[in-house]
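The values are calculated or read from the model by the stated rules, or taken from the named source; none is laboratory data. Small disclaimer: the values here were computed from a predicted structure and weren't measured. Note that we place each Cβ from the backbone using ideal geometry, even for glycine, and neighbour counts take in every protein chain shown. Surface areas here come from the heavy atoms of the whole protein model, side chains and all, with no ligands, DNA or RNA. Shrake-Rupley method; radii C 1.70, N 1.55, O 1.52, S 1.80 Å.
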Amino acid sequence: MACTADDHGLDSDAKTGSQSGENIQISENKKLIEVMKEIADSGKGFSLKDATNLGRYIYHGQVSEYLPCFAKEAPKLQAVDLYVVRATEKCPPTLGAKVAVPTVPDFTGQRLENSMLTALLTGYRPDHALVFKVNDDSSPVSPEPLAKWQVCRQDPKAHTKFDALDHMNLYVAEDCHQNS
């Protein structure tokens, strides 16, 4: 079915259900940025949420990395909750459907700036992605000044099951080989 700017890329059959707060499936081939723009242009706000049962954080800084799957209007708030998945995934058949649990990426040897972006896209909340200096791991440090540093180790370990409630601790140094 064709979509118009009025229905925010939502299937037109489901548009009337949006008034009652029902979950509405978003038309395939619709980019998240397009749906976000249409909603904003209609004067409504929106939030981004995980469409699966995993409860992952959705990083607003990289919307091109996500696909829109469902929407749920909150008419009293003049807002729409957009439920998304990573662009490398398929939308679940229903909102909140159980999906395979991904594994934790291997950050060791990577630059901190790349690792932080990957951690956010994996679904870790920004306040759960913590950085520590290898030679002083007593308290977290700001990642910005250490962006070019290398990740020497991580916790949880790579290839273990992802859990959105976990903290991702990255231990960094200018050169991991000098600090081993």
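Quick one: which residues, 5 or more positions from Ala79 or on another chain, have an amide H under 5 Å from its amide H? H modelled 1.01 Å from N in the peptide plane, none for Pro or chain starts.
For Ala79, the qualifying residues are Gly45, Ala74.
What ³J(HN,Hα) values, in whole Hz, does the Karplus curve 6.51 cos²θ - 1.76 cosθ + 1.60 give for the stretch 96-101 when θ = phi - 60°, with x put for Gly and Pro?
Per residue, the Karplus-derived 3J(HN,Hα) values read x, 4, 6, 10, 4, 7 Hz.
With a point put 7 Å past each Cα toward its Cβ, work out how far Gln78 is from Asp166 in nm, to one decimal.
4.2 nm
With the chain treated as a Gaussian network of Cα nodes joined by springs under 10 Å, which of Asn29, Asn114, Asn169 yields the largest mean-square fluctuation?
Result: Asn29 has the largest fluctuation of those listed.
Using only helices, what value at 222 nm comes out for the chain when you add -39,500 (n - 2.57) per DSSP H run of length 4 or more and divide by the total residues, to the nearest 500 deg cm²/dmol? Write down the numbers at each step before the final one.
On the way: 2 runs with 21 residues, N = 180.
Roughly -3500 deg cm²/dmol at 222 nm, from the helical runs in the chain.
Quick one: P(r) of the chain from all Cα-Cα pairs, 5 Å bins, percents rounded to integers, in order of increasing distance.
So the P(r) values, bin by bin, are 1, 8, 16, 18, 15, 11, 10, 9, 6, 4, 2, 1, 0.
Just read off the accessible area of Lys161 with the full protein assembly in place, 1.4 Å probe, to the nearest 10 Å².
150 Å²
May I ask you to give the percent of accessible area on the stretch 101-180 that is carbon plus sulfur, with a probe radius of 1.4 Å? Spell out each step's value before the answer.
Values: 2140 of 4430 Å².
On the stretch 101-180, the fraction of accessible area on carbon and sulfur atoms equals 48 percent.
Give the Cα extents of the stretch 72-173 along the principal axes, in whole Å, largest first.
If we take the Cα atoms of the stretch 72-173, the spans are 51, 30, 21 Å.
So what does Glu89 come to for accessible area, using a 1.4 Å probe and Å² rounded to 10?
Its accessible surface works out to 60 Å², give or take rounding.
Local charge sum around Thr103 (other residues, Cβ-Cβ under 15 Å, Lys/Arg +1, Asp/Glu -1)? Write down the numbers at each step before the final one.
Values: positive: Arg56, Arg86, Lys157, Lys161; negative: Glu89, Asp106, Asp155, Asp163, Asp166.
Charge balance in the 15 Å sphere: -1.
Can you give me the long-range amide H partners of Met168? Hydrogens built in the peptide plane at 1.01 Å from N, cutoff under 5 Å, separation of 5 or more residues or another chain.
Here the answer is Ala129, Leu130, since their amide H atoms fall under 5 Å of that of Met168.
Give me the angle, in degrees from 0 to 90, between the Cα long axis of helix 112-122 and the longest principal axis of the Cα atoms of the chain, rounded to the nearest 10.
Orientation of helix 112-122: about 40 degrees from the principal axis.
What does the charge dipole of the chain about its Cα centre add up to, to the nearest 20 debye, if the Cβ of each Lys and Arg holds +1 and the Cβ of each Asp and Glu holds -1?
Numbers: 19 positive and 25 negative charges, 42 e Å.
Here the chain has a charge dipole of around 200 debye.
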